[in-house]
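K.L.:
Can you read through this structure? Questions will come right after.
The values are calculated or read from the model by the stated rules, or taken from the named source; none is laboratory data. The shown structure was predicted, so the numbers you read here are calculated from the model rather than taken from an experiment. Reconstructed Cβ throughout: ideal geometry from the backbone, glycine too, with neighbour counts over all protein chains shown. Side chains included, ligands, DNA and RNA excluded: accessible areas come from the protein's heavy atoms. Shrake-Rupley method; radii C 1.70, N 1.55, O 1.52, S 1.80 Å.
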Amino acid sequence: MQKNLGGEWDKWLSAEFEKSYFRQLEQFVDMRYEQTVCYPPKDKIFEAFRLCPPSRLKVVLLGQDPYHEPGQAMGLSFSVPMGMKFPPSLRNIFKEVMDDTKCPPPFGGDLTGWAEQGVLLLNSTLTVEKGKAGAHFKRGWETFTDEVISLISQQKEHVVFLLWGNYAQQKRTLIDASRHLILESPHPSPLSAYHGFFGNHHFSRANEYMIQNNIEPVMW
């Protein structure tokens, strides 16, 4: 498994890489990529980190695990490559962005532009198998990403955490609410978007918080 996170993250996480659970996770991931079709591409597993180093980090947008259909997963939560049909949750995210901020509709579902502005598009589990949502749950990824969230909470100030849905909201205990802004709502999936995701104004609220703390807002 290529740990191409970038120098800043390597310093933050070097101790984590040496722990026994992470070494077992590496072995498991390498084995599954050899034996079956897994997503995202192996060189994109840590793409969210590579595009958003700690020094630029402003927002953490937490997903669950990567898309499990061909061509979708690209190492960024909720994002799909340009030209790919929008998955339902991403379509609803864009609808809320447009309603909330009056941004024009996007040309595609690639959220690299958000990542490069300081949005860590972090899935709790970073790999998955074709057609098997949750295939790599409870193999060590959650331990790793929980540590990432805890380190961000401890080492940074004034980060916005977007926690959508029950799964993401379980991570609130890792975050110091006195140092950061936690925004919670139902998940943007079609099953729950009309029960509180639409109209949550998280994108404008995040930007208002950043402006109040002399941080350049995100162009959503």
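K.L.:
How many nm separate the modelled label positions at E216 and L151, each set 7 Å beyond the Cα in the direction of the Cβ?
P.N.:
Those two pseudo-labels are separated by 2.5 nm.
K.L.:
Among A135, N207, L183, which residue has its Cα furthest toward the positive end of the charge dipole of region 124-220, with +1 on Lys/Arg Cβ and -1 on Asp/Glu Cβ?
P.N.:
Among A135, N207, L183, the one farthest towards the positive end of the dipole of region 124-220 is A135.
K.L.:
If you plug each phi of region 176-181 into the Karplus form 6.51 cos²θ - 1.76 cosθ + 1.60 with θ = phi - 60°, what whole-Hz ³J(HN,Hα) values come out, in order, with x for Gly and Pro?
P.N.:
Per residue, the Karplus-derived 3J(HN,Hα) values read 7, 5, 7, 10, 9, 9 Hz.
K.L.:
Amide H neighbours of I182 under 5 Å, counting only residues 5+ apart in sequence or on other chains, H built in-plane at 1.01 Å?
P.N.:
Hits under the 5 Å cutoff: F161.
K.L.:
Related question: What value does region 119-159 have for Rg/Rh, both radii from Cα atoms and Rh as Kirkwood defines it?
P.N.:
1.08
K.L.:
Scan around N123 for amide H atoms under 5 Å from its own, H built in the peptide plane at 1.01 Å from N, and keep only partners 5 or more places away or cross-chain.
P.N.:
Here G63, S77 satisfy the definition.
K.L.:
Considering only S55, S189, S150, give the residue with the highest GNM mean-square fluctuation for the chain, with springs between Cα atoms whenever their separation is below 10 Å.
P.N.:
Looking only at S55, S189, S150, the largest GNM fluctuation is found for S55.
K.L.:
Only Cα pairs within less than 10 Å get springs; with that Gaussian network setup on the chain, which residue of F94, F107, F203 has the largest fluctuation?
P.N.:
F107
K.L.:
In addition: Under the rule of at least 5 residues apart or a separate chain, name every residue whose amide H is placed under 5 Å from the amide H of V128.
P.N.:
Y39
K.L.:
If the elastic network links every pair of Cα atoms under 10 Å, which of H158, H180, H195 fluctuates the most in the Gaussian network model of the chain?
P.N.:
Greatest mean-square fluctuation among the candidates belongs to H195.
K.L.:
Okay, next question. How high is the relative contact order of region 1-89? Use alpha-carbon pairs under 8 Å, at least six apart in sequence, and give a whole percent.
P.N.:
29
K.L.:
Give me the percent of accessible area attributable to carbon and sulfur for region 26-74, probe 1.4 angstrom.
P.N.:
Answer for region 26-74 is 48 percent, counting heavy atoms of protein chains only.
K.L.:
Considering the values [x] 45, 37, 27; [y] 59, 44, 25; [z] 42, 39, 31, which represents Cα extents along the principal axes in Å as calculated for the structure under consideration?
P.N.:
The value computed from this structure is option [x].
K.L.:
Please compute the net charge surrounding G196, taking Lys and Arg as +1 and Asp and Glu as -1 over other residues with Cβ under 12 Å from its Cβ.
P.N.:
Around G196, the surrounding residues sum to -2.
K.L.:
Is it possible to state the helix-based mean residue ellipticity at 222 nm for the chain, with each DSSP H run of 4+ residues giving -39500 (n - 2.57), the sum divided by total residues, to the nearest 500 deg cm²/dmol? What is it?
P.N.:
About -11000 deg cm²/dmol.
K.L.:
Pull up the DSSP beta bridges for region 11-159 and report the antiparallel fraction as a percent, rounded to 5.
P.N.:
Antiparallel: roughly 40 percent of the beta bridges in region 11-159.
K.L.:
Hey, what do the phi angles of region 210-220 turn into as Karplus ³J(HN,Hα) couplings, whole Hz, using 6.51/-1.76/1.60 and θ = phi - 60°, x for Gly and Pro?
P.N.:
Each residue of region 210-220 in turn: 4, 4, 4, 10, 6, 10, 5, x, 8, 7, 6 Hz.
K.L.:
Could you tell me the relative contact order of region 153-220? Use alpha-carbon pairs under 8 Å, at least six residues apart, and round to a whole percent.
P.N.:
Reported as a whole number, the value is 29 percent.
K.L.:
Leaving out ligands and nucleic acids, and using a 1.4 Å probe, what accessible area per residue does the chain come to in Å²?
P.N.:
Each residue of the chain exposes 47 Å² on average to a 1.4 Å probe.
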